[in-house]
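The values are calculated or read from the model by the stated rules, or taken from the named source; none is laboratory data. Please read all numbers here as calculations on a predicted model, not as lab measurements. Cβ atoms come from the backbone with ideal geometry, glycine included; neighbour counts cover every protein chain shown. Side chains included, ligands, DNA and RNA excluded: accessible areas come from the protein's heavy atoms. Shrake-Rupley method; radii C 1.70, N 1.55, O 1.52, S 1.80 Å.
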Amino acid sequence: MIKDIITVTSPLLPNLDEFYEFLKQIWDSKWITNNGSFHQQLEKALAEYLKVPYVSLFTNGTLPLITALQALRITGEVITTPYSFVATTHSLWWNGIKPVFVDIEWATGCMDPNKIEAAITPKTTAIMPVHVYGKPCNTKAIQDIADKYGLKVIYDAAHAFGVEVNEESVLNAGDMSTLSFHATKVYNTIEGGAMIMHDAKTKQRIDYLKNFGFAGETEVVGPGINSKMDEMRSAYGLLNLKQVDAAIEARHQVAIKYREALKDVEGIEYWNDLPGVKHNYSYFPIFVDSKKYGMTRDELYFKMKEQGVLGRRYFYPLISEFSTYRGLESSRPENLPVAHQMAKSVICLPMHHELSEKDIDRVLNCIIKR
């Protein structure tokens, strides 16, 4: 039994003494949910940090996706990607919307804009791309297509906390963007999420929808749900916001070490930073070419696991291969060759702010010393 396990991620935790002081304030006020002081403070602080106009906090990262579709009254078919976490497509299914999968780009793992137009039908109402591993989608190309056909664009930006292109937040792209603040993310509120919108009227509508549809004490303006963030997690999030930049820089240093060590390893591919992009280093995927490397992806994955190094085959299998979706016409493997190749070759290496030099060496030795 290996005692020292290197996990694929580790949660960013606030200072316990500072958190206790915030908890005392909550206990004194007895206001633990329903748009309390810490909830309001965190929304404002995140809007400033992320360089976005409006933020609405949610209790997890899936509910803002579901709510965005409701708020924009999306129906029919939505073009999306099979290379993501299942929550992306599940949000469509829960709204009675048919997902239509298109292939991805090898250079980013994101939706290939060149595949979108061929997938549009008279039933198409929106596009739901994903900033995979925090790599920004080609937002201009996607928006041009959306404008041409009168489609809405909702970005699943679960991985894209703080990501910018030419000093502009990627979260400002499209009609709405959603974030996840799950414990595994760069920035977390234990569980949590957010929606980004462009105007105050839309934020007000979203705030109604996440609170049962209440617009006042006795008025309900729509069939809302209960998905608002509580005060404890809001306070936790305020404290984590103070240290997230240092955590991202620590991740950056890990990425530098990985790239330097793996640059000459035949059969192992990874991505470098994109020009003009402020990355958050949320993941470090490598892609295994079994013919060149001399070992399959799964052989390497299980070898790492045996040595106490927990990578993740993320995203494998594709969403299009799960039972709920595999019968769709767009799920046919011949329609998604790049996505299938990426899913079969990827391992996300351990990537977090607490990795030591010794940890990094152990990870790399698993890959380099065969």
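So here's what we get for this one:
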{"item": "Test: D144 is touching an Asp or Glu at 6+ places or on another chain (Cβ under 8 Å) and either under 17 Å from M176 (Cβ atoms) or modelled with pLDDT of 95 or more (or both)", "result": "no"}
{"item": "Candidates K305, K344, K358, filtered to the one that is open to solvent by 10 Å² or more (accessible area, probe 1.4 Å), modelled with pLDDT of 95 or more and under 23 Å from N114 (Cα atoms)", "result": "K344"}
{"item": "Unmet requirement for A247, which otherwise passes all of (1) at pLDDT below 95; (2) of a type in the set (G, A, S); (3) in contact with a Leu (Cβ under 6 Å, 6 or more places away or on another chain)", "result": "(1)"}
{"item": "Members of region 208-227 that are of a type outside the set (G, A, S) and open to solvent by less than 30 Å² (accessible area, probe 1.4 Å)", "result": "L209, K210"}
{"item": "Hits in region 311-370 (condition: among the hydroxyl-bearing types (S, T, Y), out of contact with any Ser or Thr (no Cβ under 9 Å at 6 or more places or on another chain) and over 26 Å from K263 (Cα atoms))", "result": "S323"}
{"item": "Filter result for the condition that a residue is of a type outside the set (S, T, N, Q) and in a loop (DSSP other than H, G, I, E, B), over V265, V338, V254", "result": "V265"}
{"item": "L46 open to solvent by less than 20 Å² (accessible area, probe 1.4 Å) and in a helix (DSSP H, G or I)", "result": "yes"}
{"item": "Lone unmet requirement of (1) in a helix (DSSP H, G or I); (2) open to solvent by 40 Å² or more (accessible area, probe 1.4 Å) for N34", "result": "(1)"}
{"item": "Any hit, region 46-59, residues being on the phi > 0 side of the Ramachandran plot and out of contact with any Cys (no Cβ under 9 Å at 6 or more places or on another chain)", "result": "yes"}
{"item": "Residue satisfying all of: in region 147-157; surrounded by fewer than 22 Cβ atoms within 10 Å (Cβ to Cβ) and closer than 14 Å to I79 by Cα; nearest to the chain's Cα centre (by Cα) among these", "result": "K152"}
{"item": "Answer residue from region 315-340, given it is more than 17 Å from D103 (Cβ to Cβ) and without any contact (Cβ under 8 Å) to a residue 40 or more places away in the chain and is farthest from the chain's Cα centre (by Cα) among those", "result": "G327"}
{"item": "Residue within region 136-146 that is open to solvent by 50 Å² or more (accessible area, probe 1.4 Å), touching a Cys at 6+ places or on another chain (Cβ under 9 Å) and of a type in the set (S, T, N, Q) present", "result": "yes"}
{"item": "Condition met for K203 (touching a Gly at 6+ places or on another chain (Cβ under 9 Å) and surrounded by 15 or more Cβ atoms within 10 Å (Cβ to Cβ))", "result": "no"}
{"item": "Tabulated pairs, region 290-312, first free of Cβ contacts under 8 Å to residues at least 40 places away in the same chain and part of a loop (DSSP other than H, G, I, E, B), second surrounded by fewer than 16 Cβ atoms within 10 Å (Cβ to Cβ) and small (G, A, S), C-beta under 7 angstrom, 6+ apart or interchain", "result": "T296/S290"}
{"item": "Positions within region 1-23 being aliphatic (A, V, I, L, M), in contact (Cβ under 8 Å) with a residue 40 or more places away in the chain and part of a helix (DSSP H, G or I), in sequence order", "result": "L23"}
{"item": "Every residue from region 258-274 that is of a type outside the set (A, V, I, L, M) and within 24 Å of the chain's Cα centre (by Cα)", "result": "Y258, R259, E269, Y270, W271, N272, D273"}
{"item": "Among the residues listed as I26, I66, the single one being farther than 21 Å from S180 by Cα, of a type in the set (V, I, T), part of a helix (DSSP H, G or I) and open to solvent by less than 40 Å² (accessible area, probe 1.4 Å)", "result": "I26"}
{"item": "Test result for V8, under 18 Å from T178 (Cα atoms), of a type outside the set (G, A, S) and buried (at least 16 other Cβ atoms within 10 Å of the Cβ)", "result": "no"}
{"item": "Residue match in region 82-104 (condition: free of Cβ contacts under 8 Å to residues at least 60 places away in the same chain and touching a His at 6+ places or on another chain (Cβ under 6 Å))", "result": "no"}
{"item": "Residue match in region 158-177 (condition: within 27 Å of F19 (Cα to Cα), open to solvent by 10 Å² or more (accessible area, probe 1.4 Å) and either modelled with pLDDT under 95 or charged (D, E, K, R) (or both))", "result": "no"}
